[in-house]
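All remarks here apply to the structure that follows.
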Amino acid sequence: MALSMVTVTTGMFSPQGAALASSLESGALEQSFLEQRMPWLHTRLTDWQRYLDTRPAMDYVAAPADEEVGLQFSHSWATKGLDDRGNVSDPSVVELGHSSFLVKDAFVASRLLAHEEARVFRSVSDSAPLASNSRHFLYLLSGQEIAFESSRSRQEVLVSYRRSFLHKKLSLHVDCPLVRQEHNIDLAPIAEISRANRDALVDATSLNTATLRSALGGVREGAEAPGFYQSYSNMNNFLHHVLKDTGIAFEKRQEKVGLGDMRITLSYDQPIRYVDASHFGIELKLNTGKTSHNVALAEPALGDGCTMVSGHARLAWHRGLLINPFVKVQVGYSLPSRQGARVPYSLSYNGVSHIGDRMIEVFPRTIPFCDVIGLGGAAFTEYPETVVREFASTVHTVTMHKGLSCVFELGNTFERCFGKPMFATMLYRFNGQQQAHLSGIENPEKYALDVVTSGTGRRSHDVVLSAGYRLSSLCSIHGGLQHRFAGKNVSKETRVFGGVSLQF
């Protein structure tokens, strides 16, 4: 009866009132349906709604102070990585974009010879190419696998400050990290020249000597092929020399120390029905950390190389000492940033216009071995000089667009553990990053931009365990462990941390 009166009254005044009455009537019908057909479900939902709507006494939860200063030390390390398919690989996949690759994929000169799309000269001064590519070491090693063994370690001292305003509803949080990053990298045993390839390299050298050809009565058909072991001792030495020619140092140990990316967070406590504590805010991550200078392989970086703006929401429920679940969602956008990057050239040839010319006369001079490779009558299109991100021969200033990222956390906090002023937290964290793209480079059609951006779409799954002890109402200590158990294009790292916080 009361519902009918509402319907008549609101309908007399406005269409909005009629819509409201209609919605109320619809809700009443749904409620009546649940009561009649599924009374047990209706009872459960009503009890749960009433339970959430009742604000509990949260005297066991420490109230935030007006000011807080924190100091935290963390140490993280990784000896494994996760590739584009989520498989366990080497951590260098984060920088190189590949966990392993072939010589012909690393250097386009080897690919052209292996596909018989070019000819090779023994040296720059020779006028006639080799009669056959099959005796040159770039041809013989084209299928040789290259892989690395590396490790990562990072030490961070995080100094933080928090200040509350508006009766503790608004808070400002500043994080300032001091970071030491170390990378160690070396060639993996699987990348050493195989026995078959080694025998082929030795045979190719011995068969091309003038003495043996004379003894066999053979006729010299062009210049003899260069001996691999006359210039290089092994694959490690080969990579050192070739990368050095393009300005890339292959150093086994690299270290950087300095300021990381600073963070400024502004949060506001906004009550929501059915939620015991809810916070919403924005975060600004400043591009203050040192990034790669593109002068060494797998060079350490102290920051992400861009400024990011993000918004977050954290909802928590406090229903007892052991039942305090929470969920946090954060979505960020990385602002475009100008930075240096190794961008490989994209090579195309129609098979007609430069027959007999050397690559150095047609393509950029910086490409490895371009001075001893001659173009023939075979056409090829859009061959990147390398498919390995950091093997590109030149550095360009580009605009990097990293786009959107997101963080999702789900966990629970335990209070007054063992009857002591102890607290503990267990949570799952997901982190996702959109694949980046490049712009701001002149004549983009001349470059293989997809090589630089491949493998930049990332995700990670972490579990975090932490515990703390309140020494007093003004001081507490904490520590914990974070482990990454799955992901894509990230290092499989483990982090331990501990610190102290002072409240005023």
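Test residue 164 against the criterion of being crowded, with 17+ Cβ neighbours inside 10 Å and in the same structural domain as residue 74 (by TED's automatic domain parsing), and give yes or no. Yes: the conditions hold for residue 164.
Among the residues of region 242-257, those identified as surrounded by 14 or more Cβ atoms within 10 Å (Cβ to Cβ) and either on the phi > 0 side of the Ramachandran plot or over 25 Å from the mean Cα position of the chain (by Cα) (or both) are 242, 246, 247. Only one entry of 432, 411, 487, 455 meets the criterion of being farther than 19 Å from residue 160 by Cβ, in a loop (DSSP other than H, G, I, E, B) and assigned by TED's automatic domain parsing to the domain that holds residue 390, and that entry is 455. Selection of region 342-361 for residues being under 29 Å from residue 399 (Cβ atoms) and either surrounded by fewer than 22 Cβ atoms within 10 Å (Cβ to Cβ) or not hydrophobic (A, V, I, L, M, F, W, C) (or both) yields 342, 344, 345, 346, 348.
Just the residues that are loosely packed, with under 15 Cβ neighbours inside 10 Å and in contact with a Phe, Trp or Tyr (Cβ under 6 Å, 6 or more places away or on another chain), please, taken from region 172-207. Result: 174, single match.
The test for being surrounded by 14 or more Cβ atoms within 10 Å (Cβ to Cβ), farther than 30 Å from residue 205 by Cα and touching a Phe, Trp or Tyr at 6+ places or on another chain (Cβ under 8 Å) holds for residue 268. Every condition in (1) without any contact (Cβ under 8 Å) to a residue 40 or more places away in the chain; (2) exposed (fewer than 15 other Cβ atoms within 10 Å of the Cβ); (3) under 31 Å from the mean Cα position of the chain (by Cα) is met by residue 307 except one, and the failing one is (2). Taking the criterion of being farther than 25 Å from residue 332 by Cβ, within 21 Å of the chain's Cα centre (by Cα) and among the acidic types (Asp, Glu), the only residue of region 381-417 that qualifies is 390. Within region 470-484, the set of residues being assigned to a strand (DSSP E or B) and of a type in the set (A, V, I, L, M) comprises 477, 481. Each residue in region 322-343 was checked for being more than 30 Å from residue 147 (Cα to Cα), out of contact with any Cys (no Cβ under 7 Å at 6 or more places or on another chain) and assigned to a loop (DSSP other than H, G, I, E, B), and 4 pass.
Criterion applied to 353, 346, 393 was being assigned to a loop (DSSP other than H, G, I, E, B), touching a residue at least 60 places away in the same chain (Cβ under 8 Å), among the polar types (S, T, N, Q) and within 30 Å of residue 121 (Cβ to Cβ), and the one residue passing it is 393.
Taking region 221-253 as the range and being among the hydrophobic types (A, V, I, L, M, F, W, C) and closer than 19 Å to residue 186 by Cα as the test, the residues that pass are 235, 238, 239, 242, 243, 248, 249, 250. When region 84-115 is limited to residues that are surrounded by fewer than 18 Cβ atoms within 10 Å (Cβ to Cβ) and over 22 Å from residue 194 (Cβ atoms), the one that is nearest to the chain's Cα centre (by Cα) turns out to be 84.
Each row is one residue, and each column tells you yes or no for (1) outside any strand (DSSP E or B); (2) in the same structural domain as residue 438 (by TED's automatic domain parsing); (3) closer than 30 Å to residue 77 by Cβ; (4) of a type in the set (Asp, Glu).
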| site | (1), (2), (3), (4) |
| --- | --- |
| 284 | no, yes, yes, no |
| 291 | yes, yes, yes, no |
| 294 | yes, yes, yes, no |
| 298 | yes, yes, yes, no |
| 309 | no, yes, no, no |
| 320 | yes, yes, no, no |
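Restricting attention to region 139-166, the residues being under 16 Å from residue 191 (Cβ atoms) and of a type in the set (A, V, I, L, M) number 4. State yes or no: is residue 98 modelled with pLDDT under 95, in the same structural domain as residue 365 (by TED's automatic domain parsing) and more than 23 Å from residue 453 (Cα to Cα)? So residue 98 fails the test. Taking the condition more than 22 Å from residue 92 (Cα to Cα) and modelled with pLDDT of 85 or more, does residue 220 pass? For residue 220, the condition - more than 22 Å from residue 92 (Cα to Cα) and modelled with pLDDT of 85 or more - is not met. Annotation: of all residues in region 295-354 being basic (Lys, Arg) and in contact with a helix residue (DSSP H, G or I) (Cβ under 9 Å, 6 or more places away or on another chain), the one that is nearest to residue 414 (Cα to Cα) is 319. Residues in region 414-429 that are assigned to a strand (DSSP E or B), charged (D, E, K, R) and farther than 25 Å from residue 97 by Cα: 415 only.
Of all residues in region 449-487, which are within 19 Å of residue 97 (Cβ to Cβ), surrounded by fewer than 20 Cβ atoms within 10 Å (Cβ to Cβ) and touching a Phe, Trp or Tyr at 6+ places or on another chain (Cβ under 8 Å)? The one that is within 19 Å of residue 97 (Cβ to Cβ), surrounded by fewer than 20 Cβ atoms within 10 Å (Cβ to Cβ) and touching a Phe, Trp or Tyr at 6+ places or on another chain (Cβ under 8 Å): 459. Pairs, please: C-beta under 7 Å, at least 6 apart or cross-chain, first residue surrounded by fewer than 17 Cβ atoms within 10 Å (Cβ to Cβ) and in region 488-504, second of a type in the set (Val, Ile, Thr)? Correct list of pairs: 500/477; 502/69. Residues 119, 152: which one is of a type in the set (Lys, Arg) and under 30 Å from residue 491 (Cβ atoms)? Among 119, 152, only 152 is of a type in the set (Lys, Arg) and under 30 Å from residue 491 (Cβ atoms).
Residue-wise test of (1) under 30 Å from residue 150 (Cβ atoms); (2) at pLDDT below 75; (3) assigned to a helix (DSSP H, G or I).
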{"residue": "17", "(1), (2), (3)": "no, yes, yes"}
{"residue": "21", "(1), (2), (3)": "no, yes, yes"}
{"residue": "41", "(1), (2), (3)": "no, no, yes"}
{"residue": "50", "(1), (2), (3)": "no, no, yes"}
{"residue": "64", "(1), (2), (3)": "no, no, no"}
{"residue": "85", "(1), (2), (3)": "yes, no, no"}
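The values are calculated or read from the model by the stated rules, or taken from the named source; none is laboratory data. Just so it is clear, the model here is predicted, and its values are computed rather than measured. Reconstructed Cβ throughout: ideal geometry from the backbone, glycine too, with neighbour counts over all protein chains shown.
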